Amino acid sequence: MTETATATRAAALDVMAAVLDQGRPLEEAFDAAVRALGPRDRAFTRLLVATTLRRLGRLDRILKGFLDKPLPKRASGARHLLRLGAAQMLFLGTPAHAAVATAVEAARRRQLHPYAGLINAVLRKVAKEGPARLAALDDPFADLPAWLTESWSQAYGPDQAAAIARASGCEAPLDLTARDGNAEALAQLVGGTVLPTGSVRLPVGTAVPELPGYRDGTWWVQDAAAALPVRLAGPLAGKRAADLCAAPGGKTLQLAAAGAHVVALDRAEARLARVRENLTRTKLGEAVTLIAADATTWAPTDGALFDVVLVDAPCSATGTVRRHPDAPWIKRPTDAAGLTQTQDGLLDAAHRLLAPGGVLIYGVCSLQPEEGAPRVAAALARHADLARRPLTPGETGLRPDMITPEGDARLLPCHLEDLGGMDGFFVARLVKT
């Protein structure tokens, strides 16, 4: 066993503990844990952790069948090593002897040696009987916490909820947005496929920096669903636009690329650094003013109002499980309800900043119903001069089943499933009369 193999398993254990025991986001925990690893080892560690989190429910069910009694709470490290070892064998094709040996060695090095024998015995059983038990697990909700299964089933019905769960369990492909809006030319450049919504899609695992046009800034990474809100705002050339929750910056780039003069706000200066980097790479910085401020209290110094205001509000992000497999396990049932006040405040700020005749786009990457239509209904009730401008089938590739009876977009991970799916998203278009 190499020191490299031991180091990658140790880093994976650290990430699992940070996510599942401390509730830290995967991206944050991963960056802190892999600093000493080389690029290939970082990539493997990420694959191992993401796979384990994506299949956590199934792994726990299988492991439970091989344990005489549940592990005590203090043995969370041993539990994570069992999960990682089982994931290697059942989903990544790692030879059983290697998966078992690295897990046992990690236990010994992490003061988990009292559990080394147990880990060895259980993982050997997984190697022998695990594949058959995995094949018999035909539950689309197996990898979701019970509260999320119940929420989606109530909101969408059991059949559609099952389709959402299956799609959410698949790793997301790579979607690109073209700077010049020419998706066909971009698809030809990178060897991708143009989606009906106008994004260019590439297979799972595509190496971003190696694609043609990356250094030239001719495109940026943006899920197909996340690219729709700006496309629904109408013509933007020469208009004054505000992006009230700008980071990580995809929608700000879209607004600027379409010819708008953009003010992009975010509460955290550190989060705007990534937006600034993307603006530099895509050469769109001259059209954008970045401001670190709370959008709910910010006002332009010149008092000028905006033709377009975009609110991609903070939300529970349950529509992004494909790309963030940690999300089901670090979110809580009360998260969505706790965010509605923030969403309402941002909608009120958008109304205040919007010029008469202007367009307000509200969106959340959430599948939780309380973060979508009820927020719009409440805003319309508070502001008599706001009205919904319904979305229509065919607009920017929207299908009838993507549009609610009220005229909002309700995008599901199982939409465009034959092409690889998309993030879950809610989008509403309002106008100030």
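Quick notes on this one:
- Identity of the residue in segment 11-36, touching a helix residue (DSSP H, G or I) at 6+ places or on another chain (Cβ under 6 Å) and modelled with pLDDT under 90, that ends up most open to solvent (accessible area, probe 1.4 Å): ALA33
- Taking segment 36-111 as the region of interest, the helices (runs of 4 or more DSSP H) fully inside it that hold 2 or more residues being under 15 Å from ALA5 (Cβ atoms) are 39-54, 76-91, 96-109.
- For segment 197-216, taking the residues that are of a type in the set (Gly, Ala, Ser) and open to solvent by 20 Å² or more (accessible area, probe 1.4 Å), the one that is nearest to LEU419 (Cα to Cα) is identified as GLY198.
- Scope segment 288-316; condition of a type outside the set (S, T, N, Q), closer than 30 Å to SER151 by Cβ and out of contact with any Ser or Thr (no Cβ under 6 Å at 6 or more places or on another chain); matching residues: ASP294, ALA295, VAL309, LEU310, VAL311, ASP312, ALA313
- For segment 47-65, the criterion of being farther than 19 Å from LEU137 by Cβ, of a type in the set (Val, Ile, Thr) and at pLDDT below 95 is met by none of the residues.
- Of the residues screened, ALA107 is not one that is closer than 25 Å to GLN22 by Cβ, crowded, with 22+ Cβ neighbours inside 10 Å, modelled with pLDDT of 95 or more and of a type in the set (A, V, I, L, M).
- Checking each residue of segment 177-196 against the condition of being open to solvent by less than 10 Å² (accessible area, probe 1.4 Å) and assigned to a strand (DSSP E or B) gives at least one match.
- Restricted to segment 221-287, the set of helices (runs of 4 or more DSSP H) holding at least 1 residues that are open to solvent by 30 Å² or more (accessible area, probe 1.4 Å) and among the small types (Gly, Ala, Ser) comprises 250-257, 269-282.
- Residue pairs whose Cβ atoms lie under 8 Å apart, separated by 6 or more positions or on different chains, with the first residue in segment 70-96 and in contact (Cβ under 8 Å) with a residue 24 or more places away in the chain and under 18 Å from ALA17 (Cβ atoms) and the second of a type outside the set (Gly, Ala, Ser) and not in a helix (DSSP H, G or I), are ALA75/LEU112; GLY77/ARG110; GLY77/LEU112; ALA78/LEU71; ALA78/LEU112; LEU81/LEU112; ALA87/ARG55; GLN88/THR94.
Quick grid of which residues meet (1) in contact (Cβ under 8 Å) with a residue 24 or more places away in the chain; (2) touching a Pro at 6+ places or on another chain (Cβ under 9 Å); (3) not aromatic (Phe, Trp, Tyr):
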position: ALA317; (1), (2), (3): yes, no, yes
position: VAL321; (1), (2), (3): yes, yes, yes
position: TYR362; (1), (2), (3): yes, yes, no
position: ALA373; (1), (2), (3): yes, no, yes
position: ASP385; (1), (2), (3): yes, yes, yes
position: LEU398; (1), (2), (3): yes, yes, yes
position: LEU411; (1), (2), (3): yes, no, yes
position: MET422; (1), (2), (3): yes, yes, yes
position: VAL427; (1), (2), (3): yes, yes, yes
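- Looking only at residues in segment 117-136 that are of a type in the set (A, V, I, L, M, F, W, C) and in contact (Cβ under 8 Å) with a residue 60 or more places away in the chain, the one that is most open to solvent (accessible area, probe 1.4 Å) is LEU134.
The values are calculated or read from the model by the stated rules, or taken from the named source; none is laboratory data. In this text, all values refer to a predicted model and were calculated from it rather than measured experimentally. As a convention, Cβ positions derive from the backbone with ideal geometry for all residues, glycine included, and neighbour counts pool all protein chains shown. Quick note on the areas: whole protein, heavy atoms, side chains included, nothing else; ligands and nucleic acids left out. Shrake-Rupley method; radii C 1.70, N 1.55, O 1.52, S 1.80 Å.
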